[in-house]
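One structure below.
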Amino acid sequence: ADNACGAAGVGAITRGEAVSSWGTSGTVLAPTAEPRVDPKLRAHTFCHVAPGVWYVIGVVLSAGGAFAWFRDQCARELPEDERDERLVAEAAIIPAGADGVTFLPYLQGERTPHRDASLRAAFTGLSLAHSRAHMTRAVLEGVCFALRDSLEILKELGLTPAHLLLTGGGAKSAFIRQLQADIFGLPVTTVNREEGGAYGAALLAAVGTGAFPDLMTAAQRTLTRQALSPPNPEMHRAYDPIYRRFHRSLLR
């Protein structure tokens, strides 16, 4: 499975680890030594690629896909090779909570936690005082809030991580990395490889050919983790009521 290989590709093989992946879709995944099933079926449980290991995963259908949709609709005048960076730079100067703008990233319905294919995206709180930068900030925050929904379910199941490994396109931006740390309230880190699932598959092949005795050894010998980036405690406290606002927006 791509998500299992992606977790292996950043070294998330044992309990206590967790991965936040920000690709077209987004996931939060935590390995576990025994199968744990969400009784409300909001998250999914699968066998991991390492023997005797399982993982629980929550899925956001539109993560980077939501940002790409917004970029392609609202930043067409920017040079194509600069759009992502310039939009994120605009968002970075807007305060947390985007001055009241909230984005629900349900462009394709949603899996975790709603399991509702008919759910749809929306901006709420917009006024004449807001700009594209506010909307960009709201999109980035909305995706992080949706990912936090998955993290909260993992915590309910006793899979509270000490930190998060970040992977995917969102992990390449220092601003989005810190945004995840602040909204999740956890330190975050990345590894020295960006190939994700492909690298995990390569590690499995290396184990299969005898280059390494097991997957853990392969990961330990080939992956280097960057220093942990801690959340800003003040920002995390500020985001808690904004996260609640995100949920209230869904009920309107």
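Brief remarks follow.
- Residue check for Ala162: of a type in the set (Gly, Ala, Ser) and either in contact (Cβ under 8 Å) with a residue 40 or more places away in the chain or closer than 21 Å to Ala8 by Cα (or both): yes
- Of the strands (runs of 3 or more DSSP E) lying entirely inside region 1-85, those carrying at least 1 residues that are buried (at least 21 other Cβ atoms within 10 Å of the Cβ) are 19-22, 26-32, 54-60.
- Every pair of residues 6+ apart whose Cβ atoms lie under 7 Å, when the first sits in region 1-28 and is at positive phi and outside the structural domain of Pro187 (by TED's automatic domain parsing) while the second is among the aromatic types (Phe, Trp, Tyr) and in a helix (DSSP H, G or I): none
- Residue count for region 140-187, restricted to those that are part of a helix (DSSP H, G or I), crowded, with 22+ Cβ neighbours inside 10 Å and among the β-branched types (Val, Ile, Thr): 3
- Residues that are assigned to a loop (DSSP other than H, G, I, E, B) and closer than 14 Å to Phe70 by Cβ, drawn from region 109-129: Ala121, Leu126
- Subset of region 130-139 (residues that are out of contact with any Leu (no Cβ under 6 Å at 6 or more places or on another chain) and either assigned to a helix (DSSP H, G or I) or crowded, with 18+ Cβ neighbours inside 10 Å (or both)): His130, Arg132, Ala133, His134, Met135, Arg137, Ala138, Val139
Rundown of residues vs (1) touching a His at 6+ places or on another chain (Cβ under 9 Å); (2) among the basic types (Lys, Arg); (3) surrounded by 14 or more Cβ atoms within 10 Å (Cβ to Cβ); (4) at pLDDT 95 or above, yes/no style:
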{"residue": "Glu194", "(1), (2), (3), (4)": "no, no, yes, no"}
{"residue": "Ala206", "(1), (2), (3), (4)": "no, no, yes, yes"}
{"residue": "Arg225", "(1), (2), (3), (4)": "no, yes, no, no"}
{"residue": "His236", "(1), (2), (3), (4)": "no, no, yes, yes"}
{"residue": "Ile242", "(1), (2), (3), (4)": "no, no, yes, yes"}
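The values are calculated or read from the model by the stated rules, or taken from the named source; none is laboratory data. Here the structure is a predicted model, which is why all the values come from computation and not from measurement. Glycine gets a Cβ as well: all are built from the backbone with ideal geometry, and neighbour counts include every protein chain shown.
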